[in-house]
Amino acid sequence: MSAIKQQAYIWLGRTFISWMMTQMAVFKLVPKLILLASCSLFIGCGGGGGSNERPENGGSSVNVNGVPSLNSLSAFSTNSPPNLVSCSKAFLNNESCSLSEIKPLGVSTSSVSLSDIESRLVVSHDWMAQSFLEAVGDISSQDLNNLFKSVNAIVISYDIRPSFYHSYTASMYIDPRYLWRNKDEWDSIFKQDDFRSDYGDGLRFDAFRRYVDSNGDYVTWSNTFRTSTYESRSTSQIAPGLLRLLAHELAHANDYLPHDSLSSLGDSGTIREAMNGITPVRQQLESSIPLADDTLRDVADVMFGGANASEFIRSIEPSQAGALFDLDGAEDLYSYYTPQEDVAMLLESLMMLKRYSALSDVAFVSVPDDRDNASCNDYVIGWGQRARLADPNVEQRAAFVAERILGRDVTNDLSTLPADATQLPTNTGWCAAMDSLRSFERVSSYSSQKAMTNIARDIEDDRLVNW
């Protein structure tokens with residue numbers, strides 16, 4: 001056993017003792033504790049646009065540490081399998097869905113339609129399903145539809161935050177903030193911050209991300225409601241952000257259950273037991289083209305897992321983190337958190353490129369002293385890139401993942417990329433960097449709608465875009 005693993009097990013034991021001593025420690029450490037325990041039992045864990053293996057909900061609160069109560073769910077369609085709702089909630093009791101009762105969509109269809117997807121929707125409010133189906137229809141991608149083959153249920157509930165995928169149910173759980181269209185819908189959503197929002201406090205840098213078009217304008221719209229400036233959204237405004245999220249969560253589903261494994265699922269046992277006999281995509285990626293930098297793995301464990309930061313990690317400047325990142329093949333810092341997130345970030349980026357010609361800006365930025373009152377440009381870029389997917393190492397790894405998940409060659413999908421990634425200007429604010437990369441003509445022809453897209457932002461959207 002390596003020294004790192006020995007230290008992890010020692011930490012796990014100490015954490016458990018701390019958990020027994022104080023109730024407050026429960027709420028802070030349970031997600032990490034369960035994550036580590038799950039890793040010792042299964043072929044990898046983590047992942048899910050936040051986390052994959054969610055702890056069981058031991059209390060009566062609406063949402064504890066990212067675990068929703070799911071106490072107000074019903075199937076949206078009359079054509080849904082009879083056990084759909086019970087399957088979607090099974091993980092709350094540390095149980096998995098029975099193959100004798102329900103199987104993923106792709107077992108019975110080779111080309112998933114919108115009505116097939118509708119039959120697997122479980123919601124707390126009907127408007128969530130309606131907005132979801134309209135946006136998926138607007139995205140209009142058979143590649144996206146077919147990714148639902150590996151899914152049992154799509155759950156959208158007022159108390160889900162953040163979104164995640166769970167392998168016990170082979171289901172995805174969607175934060176409705178991605179779907180609201182007006183104030184009434186916004187008001188029906190449970191209001192709370194992502195439970196990981198403070199992870200990484202005390203570090204000298206943060207990691208930001210956004211998707212932009214060829215003019216350098218935002219492709220996605222904010223998920224945050226504002227009474228004065230941003231109180232309604234159209235389906236076309238919702239769709240790009242939803243595609244980003246769906247591509248990410250569906251990457252997890254297809255990582256655990258690749259399309260070519262569905263025909264081998266039996267009629268007995270649970271879906272999670274069946275996964276144990278399948279070689280996941282992440283394992284193939286790690287064996288062939290792994291990420292190399294251990295320092296960034298430690299950083300990701302702090303920023304996304306809530307681990308304690310060493311003095312060395314606390315001393316790292318934005319430019320130093322970027323220099324490490326630049327040499328490796330990750331699409332995003334989140335890729336270092338777990339092998340599952342590595343796979344998900346690569347597929348997400350490719351799907352956004354294919355459908356919206358979107359390029360990803362990634363950056364390591366300074367952290368202002370007062371985040372609560374900071375402006376976008378108080379986050380100063382120490383290192384950054386536009387079109388990170390165009391980096392040769394990243395592009396190679398993305399093609400490896402996408403071809404195994406989509407089941408086809410993706411050379412044409414990647415052909416629209418620039419020849420290489422472009423460096424973002426350093427010592428420049430995160431928002432100011434957008435204008436600095438535009439030509440004078442592009443700035444002058446800035447449309448009012450695109451201007452509104454950029455104004456109607458919340459810095460949280462770029463900080464937590466991968467969650």
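Assorted remarks:
- Just so you know, in the stretch 161-201 the residues that are crowded, with 24+ Cβ neighbours inside 10 Å and β-branched (V, I, T) include one that is farthest from S310 (Cα to Cα), and it is T169.
- In the stretch 205-241, residue surrounded by the most Cβ atoms within 10 Å (Cβ to Cβ) [restricted to those that are in contact with a strand residue (DSSP E or B) (Cβ under 7 Å, 6 or more places away or on another chain) and in a loop (DSSP other than H, G, I, E, B)]: T220
- Matching residues, the stretch 125-148, being crowded, with 24+ Cβ neighbours inside 10 Å and either charged (D, E, K, R) or free of Cβ contacts under 8 Å to residues at least 60 places away in the same chain (or both): M128
- Those residues of the stretch 99-148 which are among the charged types (D, E, K, R) and part of a loop (DSSP other than H, G, I, E, B), in sequence order: E101, K103, R120
- Test: residue in the stretch 373-394 that is out of contact with any strand residue (DSSP E or B) (no Cβ under 9 Å at 6 or more places or on another chain) and surrounded by 22 or more Cβ atoms within 10 Å (Cβ to Cβ): yes
- Residue that is farthest from T338 (Cα to Cα) [pool: residues in the stretch 269-280 that are touching a Leu at 6+ places or on another chain (Cβ under 9 Å) and not in a loop (DSSP other than H, G, I, E, B)]: T270
- Of everything in the stretch 404-424 that is surrounded by 15 or more Cβ atoms within 10 Å (Cβ to Cβ) and not hydrophobic (A, V, I, L, M, F, W, C), the residue that is farthest from S360 (Cα to Cα) is R404.
- The C-beta contact set for the stretch 92-108 (first residue over 14 Å from A253 (Cβ atoms) and in contact (Cβ under 8 Å) with a residue 40 or more places away in the chain, second residue surrounded by 15 or more Cβ atoms within 10 Å (Cβ to Cβ) and hydrophobic (A, V, I, L, M, F, W, C), distance under 7 angstrom, 6+ apart or interchain) comprises S96/A90; S96/I271; L99/L265; L99/I271; L99/A274; I102/L84; I102/C87.
- Selection within the stretch 149-176 - of a type outside the set (S, T, Y) and assigned to a helix (DSSP H, G or I): K149, P176
- For P368, the criteria (1) at pLDDT below 95; (2) part of a strand (DSSP E or B); (3) of a type outside the set (D, E, K, R) hold in every case but one, which is (2).
- Out of A363, A344, A433, one residue alone is under 18 Å from D213 (Cβ atoms), assigned to a helix (DSSP H, G or I) and in contact with a Gly (Cβ under 8 Å, 6 or more places away or on another chain). It is A433.
- Residue match in the stretch 259-271 (condition: surrounded by 24 or more Cβ atoms within 10 Å (Cβ to Cβ), over 30 Å from D420 (Cα atoms) and touching a Cys at 6+ places or on another chain (Cβ under 7 Å)): yes
- Test: T270 is modelled with pLDDT of 95 or more, among the polar types (S, T, N, Q), over 16 Å from the mean Cα position of the chain (by Cα) and under 18 Å from H166 (Cα atoms): yes
- Test result for L147, modelled with pLDDT of 95 or more and more than 28 Å from V64 (Cα to Cα): yes
- Residue check, F91 under 17 Å from S150 (Cβ atoms), among the aromatic types (F, W, Y) and either at pLDDT below 90 or buried (at least 20 other Cβ atoms within 10 Å of the Cβ) (or both): yes
The values are calculated or read from the model by the stated rules, or taken from the named source; none is laboratory data. Not measured: the values here are computed from a predicted model. Ideal geometry is used to build each Cβ from the backbone, glycine not excepted, and the neighbour counts take in all protein chains shown.
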